[in-house]
1. For the range 1-18, how many residues meet the condition of being more than 16 Å from Tyr43 (Cα to Cα) and either in contact with a Ser or Thr (Cβ under 8 Å, 6 or more places away or on another chain) or not aliphatic (A, V, I, L, M) (or both)?
Amino acid sequence: MNDLLDGIITNLIVKFFLRFIAPYPIQLILGIMAIYWGYYTYYVKQASKIALETNTSKGTTAKGNAVKAH
């Protein structure tokens, strides 16, 4: 459900930018930068943080603490 909601929101944002901001190149560039910043902040940064916290190949965390087997 979240993927569908994300797709709808993204579609509405893109349509808004194409209709109201695309005629003005500076605003279009700033808008695209804002979208990428939001994407990086909420998706890429969190995913990379999770990946760095646990290194499963060595069985330790990034701080060197052993991961307990369940």
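The values are calculated or read from the model by the stated rules, or taken from the named source; none is laboratory data. What you are looking at is a predicted structure, and each value in this text was computed from that prediction instead of being measured. Ideal geometry is used to build each Cβ from the backbone, glycine not excepted, and the neighbour counts take in all protein chains shown.
1. Selection size over the range 1-18: 4.
To keep it simple, each residue is scored yes or no on (1) modelled with pLDDT under 70; (2) aliphatic (A, V, I, L, M); (3) surrounded by 12 or more Cβ atoms within 10 Å (Cβ to Cβ); (4) touching a Leu at 6+ places or on another chain (Cβ under 7 Å).
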{"position": "Arg19", "(1), (2), (3), (4)": "no, no, no, no"}
{"position": "Tyr24", "(1), (2), (3), (4)": "no, no, no, no"}
{"position": "Leu28", "(1), (2), (3), (4)": "no, yes, yes, no"}
{"position": "Ile35", "(1), (2), (3), (4)": "no, yes, yes, no"}
{"position": "Ile50", "(1), (2), (3), (4)": "no, yes, no, no"}
{"position": "Gly64", "(1), (2), (3), (4)": "yes, no, no, no"}
{"position": "Lys68", "(1), (2), (3), (4)": "yes, no, no, no"}
